[in-house]
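What follows is calculated from the coordinates using simple rules that are stated; it is not laboratory data. Fair warning: this is a prediction, and the values are worked out from it, not measured in the lab. All Cβ positions, even for glycine, are placed from backbone atoms using ideal geometry, and neighbour counts span all protein chains on display.
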Amino acid sequence: MYIDSHIHLQDYKTHNVKNVVTNAIKNKVMHFINPSAHPSDWNTVAALAVQYPEITPAFGVHPWYITETSSNQFHQLEEMLKLYPNAWVGECGIDKLKNPNPETQTEILKKHIELANKYHRPLIIHAVKADSEMSSLFPILPQLTIFHSFAGSAEWGKAIQKHGFYLGINFSILRKKNAAEILQTLNLRQILLETDGPYQNIERDIETLPENLPQLAQKIADFIHIPYAELATIIEKNQREFLGEK
Ligand SMILES: [Zn+2]
């Protein structure tokens, strides 16, 4: 069985959540980590998690949506984490492609890190062109940290994994010319699969669905020349660490 470790079920426009979840389960994708992007969707994400036991919510402020008021929102974020004891923290991070000024982003990210450590929750990081800022934060990141939608260099991936953190892999890495080389270098024990649905579409303008996650696993297995079943077993083991199952 798989978990989709990063999906925004609140953002589907052309599918309803019930169908998305039901069809995914039919394809052995049994659990969903559903990050929010901004306080305005925290309640929607929380409601989905109440409605579907298969959904684990995550609460955070995505670096694209940081505003001057963001630092005031952390009291509210802490309340959400207390209210939802299984919730993760995220997504949060630093994106220097969208916003070349990393100072405020770093400050806001540090508040997420503090809360994740305080409440012992996994942390979901969105990092783009922020390798040096992120590596200076390595010492304070919780061990269960995922660098989601990883599409960086093999060296960067290895550096993240060397510190014990995880990489969230979705279809976007397959578009890279050196995808095979990158995937072959990574430690499979520290990766999780995700769709980032409805985003990261394989085909233009088509919403990505979690029912396609086994196809992603198959493509990765082909790239690194290991049997599909072997990869699936490793991924299941990785997932259990995050869900706190033995
Ligand atoms: Zn996301």
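In contact with a strand residue (DSSP E or B) (Cβ under 8 Å, 6 or more places away or on another chain), aromatic (Phe, Trp, Tyr) and on the phi < 0 side of the Ramachandran plot, is that true of PHE74? Criteria not met by PHE74.
Would you be able to say whether some residue in region 143-156 is within 18 Å of PHE242 (Cβ to Cβ) and surrounded by fewer than 20 Cβ atoms within 10 Å (Cβ to Cβ)? Yes, region 143-156 contains a residue that is within 18 Å of PHE242 (Cβ to Cβ) and surrounded by fewer than 20 Cβ atoms within 10 Å (Cβ to Cβ). Residues in region 46-65 that are under 14 Å from PRO85 (Cα atoms) and crowded, with 19+ Cβ neighbours inside 10 Å: ALA46, ALA49, ILE55, THR56, PRO57, ALA58, PHE59. Scanning region 111-158 for residues that are polar (S, T, N, Q) and within 16 Å of the ligand (Cβ to nearest atom) turns up THR145, SER149.
Quick one: is LEU192 closer than 22 Å to MET134 by Cβ and under 14 Å from the mean Cα position of the chain (by Cα)? Yes, satisfied.
Residues checked against (1) under 14 Å from the mean Cα position of the chain (by Cα); (2) outside any loop (DSSP other than H, G, I, E, B); (3) within 23 Å of VAL128 (Cβ to Cβ):
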site: LYS158; (1), (2), (3): no, yes, yes
site: GLY164; (1), (2), (3): no, no, yes
site: LEU167; (1), (2), (3): yes, yes, yes
site: LYS177; (1), (2), (3): no, no, yes
site: ALA180; (1), (2), (3): no, yes, yes
site: ASP196; (1), (2), (3): yes, no, yes
site: ALA217; (1), (2), (3): no, yes, no
site: ILE226; (1), (2), (3): no, no, no
site: GLU241; (1), (2), (3): no, yes, no
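Among residues of region 208-235 that are surrounded by 21 or more Cβ atoms within 10 Å (Cβ to Cβ), those with a beta-carbon under 6 Å from a residue that is of a type in the set (Asp, Glu) at least six positions away or on a different chain give the pairs PRO210/ASP4; LEU213/ASP4.
Among the residues of region 78-98, are any surrounded by 17 or more Cβ atoms within 10 Å (Cβ to Cβ), of a type in the set (D, E, K, R) and within 21 Å of GLY197 (Cβ to Cβ)? Yes, region 78-98 has at least one match. Would region 97-107 turn up any residue that is part of a helix (DSSP H, G or I) and either within 16 Å of the ligand (Cβ to nearest atom) or in contact with a Pro (Cβ under 6 Å, 6 or more places away or on another chain) (or both)? Yes - at least one qualifying residue is present in region 97-107. Of all the numbered requirements in (1) surrounded by 14 or more Cβ atoms within 10 Å (Cβ to Cβ); (2) outside any helix (DSSP H, G or I), ILE173 misses one, and that requirement is (2).
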